Amino acid sequence: MSTTFIIAAFAALLLWWAWRSRPDPARIAAAQDALARGARLIDVRTAAEFQSGHVHGATNLPLSSLRSRIHEVGTTEDEIV
């Protein structure tokens, strides 16, 4: 396998990843609407990640402790994870 092929494949992979991980404007708008109506934003990152920066008003509920803290999650559609 040539070096040029490997570099081209890697570049294609990076482009695909960048395209796939771009924000979806419709989902962002839906989340903003829900937050404006009083929905609760749940941040499932670790406590350290949450402390390094988070959306104002978000609740930190790390995915690793979700099983033991599931009672903290409501049963309505008024929560965004």
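The values are calculated or read from the model by the stated rules, or taken from the named source; none is laboratory data. Because the structure is a prediction, the values reported are computed rather than measured. Reconstructed Cβ throughout: ideal geometry from the backbone, glycine too, with neighbour counts over all protein chains shown. Keep in mind that these areas ignore ligands, DNA and RNA; they rest on the heavy atoms of the full protein, side chains included. Shrake-Rupley method; radii C 1.70, N 1.55, O 1.52, S 1.80 Å.
How large is the dipole of the chain about the Cα centre if only Lys and Arg carry +1 and Asp and Glu carry -1, each at its Cβ, rounded to the nearest 20 debye?
200
Taking loop as defined by DSSP and a crowding limit of 14 other beta carbons within 10 Å, which trypsin sites (Lys or Arg not before Pro) in the range 1-78 fit?
When the trypsin sites (Lys or Arg not before Pro) of the range 1-78 are filtered for loop state and at most 14 Cβ neighbours within 10 Å, Arg37 remain.
Report the normalised scattering of the chain as log10 I(q)/I(0) at q = 0.16 Å⁻¹, calculated by the Debye formula with identical scatterers on the alpha carbons.
-0.77
Tell me, what % of the accessible area of the chain is carbon and sulfur with a 1.4 angstrom probe?
63
Would you look at the GNM of the chain, springs on alpha carbons closer than 10 Å, and say which of Leu41, Leu15, Leu61 moves the most?
Leu15
With every protein chain kept in place and ligands, DNA and RNA left out, what is the accessible area per residue of the chain? Probe 1.4 Å, answer in Å².
Computed with neighbouring chains in place, this is 83 Å² per residue.
Among Leu13, Ala47, Ala31, flag the residue with its Cα farthest along the positive direction of the charge dipole of the range 4-79, charges on Cβ as +1 for Lys/Arg and -1 for Asp/Glu.
Leu13
Report, to the nearest 10°, how far helix 3-20 tilts away from the longest principal axis of the Cα atoms in the chain, using its own Cα long axis and a range of 0 to 90°.
20
Using a Gaussian network model of the chain whose springs link C-alpha atoms within less than 10 Å, name the residue from Ala29, Ala12, Ala47 with the highest mean-square fluctuation.
For the chain, modelled as a Gaussian network with Cα springs under 10 Å, the answer is Ala12.
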